[in-house]
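Some notes on the structure that comes next.
The values are calculated or read from the model by the stated rules, or taken from the named source; none is laboratory data. No experiment lies behind these values; they were computed from the predicted model shown. Quick reminder, even Gly has a Cβ in these numbers, built from the backbone with ideal geometry, and neighbours come from all protein chains shown. To get the accessible areas, we keep the full protein, side chains included, count just its heavy atoms, and leave off ligands, DNA and RNA. Shrake-Rupley method; radii C 1.70, N 1.55, O 1.52, S 1.80 Å.
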Amino acid sequence: MTTAGPIKPQRLRLGLCMWVAGMLGVVALTVTVLPQLVADVTLAVPLWLVLLASSAQSALLVAVAVWLGVVLAPKVGFRAAAFEAAVSAGSIRSALRPQLRPSLVAGVVGGVGLFAIGGFGFPAALAEVEQQFTVPIIARVLYGGVTEELLLRWGLMTVLVWLAWRFLQHRSGTPRPLYVWLAIVVSALLFGAGHLPAATMQAGELTGYVVLFIVGTNTAFGVLFGYLYWRYGLEAAIIAHAFAHLVSYVLSLGVA
């Protein structure tokens, strides 16, 4: 009872801080990618209104995911140490120190993997689209690295672990590794499947190979980021995801 007073404002500050970080990615993706998607479409309303509506929808989704994580993550032992330090006058450097090495190593491995995937086995249908449709590196880093991790790991994965802990484990002890792994895989699969609508919009009807490629590759990365979130904290997943895009981008410049 004595801690109820100070906890609520700190939760609100944490949620707001995370929401702002997630919205940076939303804005970056919306203003750089959405105009490309509707370039050949006759809009019934002005483009700025479409951008505003899309941003508002994403803002609500990010807010829900962030708040679910803020409320449920402490119950299942998940952390966002650097965000927490930022809103409590703690040391962000100290919070990040144990997360940096594993996240940077994972980011390099992921970046090399992204680059290799782009050069070998990349479906021809997607390759043709990529030549006409580009996602700037700033949008990949901010949206992929930050916003997607807030949605998929901090929000969805946390909820899945909490549900298993609450209803299967009856709030006893810490969540069992099996339940965490199930949450990692399910959230990763949804992460992979979440890329299909955009791919369909760009390439039209998708073949079985293209669907398998999109879901499979993104699921593999989702499992990696989910593991980092579980073992090291949310920032480890964010750094690894963002750094993977940076490494892949730098490698692609070398062969351009």
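Please find, within segment 30-76, the residue that is farthest from ILE137 (Cα to Cα) out of those that are in a helix (DSSP H, G or I) and among the polar types (S, T, N, Q).
GLN57
If I filter segment 127-143 down to residues being modelled with pLDDT under 90 and closer than 20 Å to LEU253 by Cβ, which single residue comes out as surrounded by the fewest Cβ atoms within 10 Å (Cβ to Cβ)?
GLN131
For segment 63-116, what are the residues that are hydroxyl-bearing (Ser, Thr, Tyr) and modelled with pLDDT of 95 or more?
Of everything in segment 63-116, those that are hydroxyl-bearing (Ser, Thr, Tyr) and modelled with pLDDT of 95 or more turn out to be SER91, SER94, SER103.
Would a scan of segment 6-17 turn up a residue that is assigned to a helix (DSSP H, G or I), charged (D, E, K, R) and exposed (fewer than 14 other Cβ atoms within 10 Å of the Cβ)?
Taking every residue of segment 6-17 in turn, at least one turns out to be assigned to a helix (DSSP H, G or I), charged (D, E, K, R) and exposed (fewer than 14 other Cβ atoms within 10 Å of the Cβ).
If I go through segment 181-208 residue by residue, how many of them are part of a helix (DSSP H, G or I), open to solvent by 40 Å² or more (accessible area, probe 1.4 Å), in contact (Cβ under 8 Å) with a residue 12 or more places away in the chain and of a type in the set (Val, Ile, Thr)?
2
Which of (1) in contact with a helix residue (DSSP H, G or I) (Cβ under 8 Å, 6 or more places away or on another chain); (2) open to solvent by 70 Å² or more (accessible area, probe 1.4 Å); (3) in a helix (DSSP H, G or I); (4) farther than 24 Å from LEU34 by Cα does LEU253 not meet, given it meets every other one?
Result: LEU253 passes all but (1).
What tally of residues in segment 85-110 results from selecting those that are surrounded by fewer than 21 Cβ atoms within 10 Å (Cβ to Cβ) and assigned to a helix (DSSP H, G or I)?
The number of residues fulfilling the criteria is 17.
Checking the condition at negative phi and touching a residue at least 12 places away in the same chain (Cβ under 8 Å), which residue from LEU49, LEU60, LEU68, LEU43 passes?
LEU68
Residues are listed down the side, and each one gets a yes or a no for (1) more than 15 Å from the chain's Cα centre (by Cα); (2) under 27 Å from ASP40 (Cβ atoms):
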{"position": "LEU168", "(1), (2)": "yes, no"}
{"position": "LEU190", "(1), (2)": "no, no"}
{"position": "GLY194", "(1), (2)": "no, yes"}
{"position": "THR200", "(1), (2)": "yes, yes"}
{"position": "VAL223", "(1), (2)": "no, no"}
{"position": "GLY233", "(1), (2)": "no, no"}
{"position": "VAL250", "(1), (2)": "yes, no"}
{"position": "LEU253", "(1), (2)": "yes, no"}
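Under 6 Å by Cβ, and 6 or more places apart or on different chains, what pairs join a residue from segment 71-89 that is of a type in the set (Val, Ile, Thr) with one that is not in a loop (DSSP other than H, G, I, E, B)?
VAL76/VAL161; VAL76/TRP162; VAL76/TRP165; VAL87/ARG13; VAL87/LEU14; VAL87/CYS17
When the residues of segment 209-250 are narrowed to those that are more than 18 Å from GLY155 (Cβ to Cβ) and among the small types (Gly, Ala, Ser), which ends up surrounded by the most Cβ atoms within 10 Å (Cβ to Cβ)?
Going through the qualifying residues, I end up with ALA244.
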